[in-house]
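To start, the structure under review is shown below, and the notes come after it.
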Amino acid sequence: MLEKIQETAAFLKGKMHTSPETAIILGTGLGSLANEITEKYEIKYEDIPNFPVSTVEGHSGKLIFGKLGNKDIMAMQGRFHYYEGYSMQEVTFPVRVMRELGIKTLFVSNASGGTNPDFEIGDLMIITDHIINYFPEHPLRGKNIPYGPRFPDMSEAYNKELIRKAKEIAKEKGIKVQQGVYIGTQGPTFETPSEYKLFHILGADAVGMSTVPEVIVANHCGIKVFGISVVTDLGVEGKIVEVSHEEVQKAADAAQPKMTTIMRELINRA
């Protein structure tokens, strides 16, 4: 695994003419941020040795390098999910490559189902913590890659200073934000009403099928993390309706301008 990571990083270093310390996983709700990257150059996943290829509708598959404001950045347009059939090592492989490339801070976004009765569709939730219970495989299972300790601390998986700055930016811009705990599930089914209820009892405010594995590996690699969710459907009693991938995309697209504003400002202040 380490050899593969280093081989991929060496390939990318040969193509890169910038030195970013900031990376973004352009998940649901952040796609339009790619349009704001200037001086950009792109590498398709299929051209990168050892890289998986995204199979999900609405997820492009390329690395984008360039500038966002005054910051050199690296962005993943399209992430990998456990439900696509990848192992957790494959899902998180790009994060380990980021570490080899010198990335210090990672920004992630996703779509989620709200379990908190105070949430509404279209709300943005700054992730303060997560629960990994419902992934059947841990991303650090197996021989420890010497990027971090065998038993990494997760007491601040989501950087408190970045959370503070994001709340400050939201207040300045008049954008309503929620805060809460995200629970990861393997998918690909959306949750049943009983599962939504259970997840809320367990302490989750939102549920989704991504993010947690990447965040665990980023912390193991010593990379600071900021995460944000767009609530695209609700698992709250009395508010549960039938949901589809298309409806999730539609709700996420509507929230994109707000999420993009917060993320753009935060990246430039981080």
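The values are calculated or read from the model by the stated rules, or taken from the named source; none is laboratory data. From a predicted model like this one, the values you see are computed outputs, not experimental measurements. Glycine gets a Cβ as well: all are built from the backbone with ideal geometry, and neighbour counts include every protein chain shown. Just so you know, the surface numbers come from the protein's heavy atoms only, side chains and all, with ligands and any DNA or RNA stripped out. Shrake-Rupley method; radii C 1.70, N 1.55, O 1.52, S 1.80 Å.
Do any helices (runs of 4 or more DSSP H) entirely within the stretch 134-242 hold 3 or more residues that are acidic (Asp, Glu) and open to solvent by 10 Å² or more (accessible area, probe 1.4 Å), and if so, which?
Once the helices (runs of 4 or more DSSP H) in the stretch 134-242 are filtered for at least 3 residues that are acidic (Asp, Glu) and open to solvent by 10 Å² or more (accessible area, probe 1.4 Å), what remains is 160-173.
Only residues in the stretch 121-138 that are closer than 16 Å to Leu202 by Cβ count as the first member; pair them with residues that are β-branched (Val, Ile, Thr), Cβ under 6 angstrom, at least 6 apart or cross-chain, and list the lot.
Asp129/Val181; His130/Val212; Ile131/Ile183; Ile132/Val212; Tyr134/Thr185
Would you check if Arg99 is closer than 20 Å to Ala218 by Cα, open to solvent by less than 10 Å² (accessible area, probe 1.4 Å) and basic (Lys, Arg)? Walk me through it before giving the result.
Working: closer than 20 Å to Ala218 by Cα: yes; open to solvent by less than 10 Å² (accessible area, probe 1.4 Å): no; basic (Lys, Arg): yes.
So Arg99 fails the test.
Return yes or no: is Ile64 closer than 18 Å to Ile228 by Cβ, buried (at least 17 other Cβ atoms within 10 Å of the Cβ) and in contact with a strand residue (DSSP E or B) (Cβ under 7 Å, 6 or more places away or on another chain)? Walk me through how you get there before you give the answer.
Numbers: closer than 18 Å to Ile228 by Cβ: no; buried (at least 17 other Cβ atoms within 10 Å of the Cβ): yes; in contact with a strand residue (DSSP E or B) (Cβ under 7 Å, 6 or more places away or on another chain): yes.
Spelling it out, it is not the case that Ile64 is closer than 18 Å to Ile228 by Cβ, buried (at least 17 other Cβ atoms within 10 Å of the Cβ) and in contact with a strand residue (DSSP E or B) (Cβ under 7 Å, 6 or more places away or on another chain).
Determine whether the stretch 75-88 contains at least one residue that is open to solvent by 30 Å² or more (accessible area, probe 1.4 Å), in contact with a Pro (Cβ under 6 Å, 6 or more places away or on another chain) and more than 25 Å from Lys250 (Cα to Cα).
yes
Quickly run through the stretch 120-151 and pick out the residues that are of a type outside the set (Ser, Thr, Tyr) and more than 20 Å from Ser210 (Cα to Cα). Spell out the reasoning first.
As a first pass, look at the stretch 120-151 and keep what is of a type outside the set (Ser, Thr, Tyr): 120-127, 129-133, 135-146, 148-151.
Answer for the stretch 120-151, where residues must be of a type outside the set (Ser, Thr, Tyr) and more than 20 Å from Ser210 (Cα to Cα): Glu120, Gly142, Lys143, Asn144, Ile145, Pro146, Gly148, Pro149, Arg150, Phe151.
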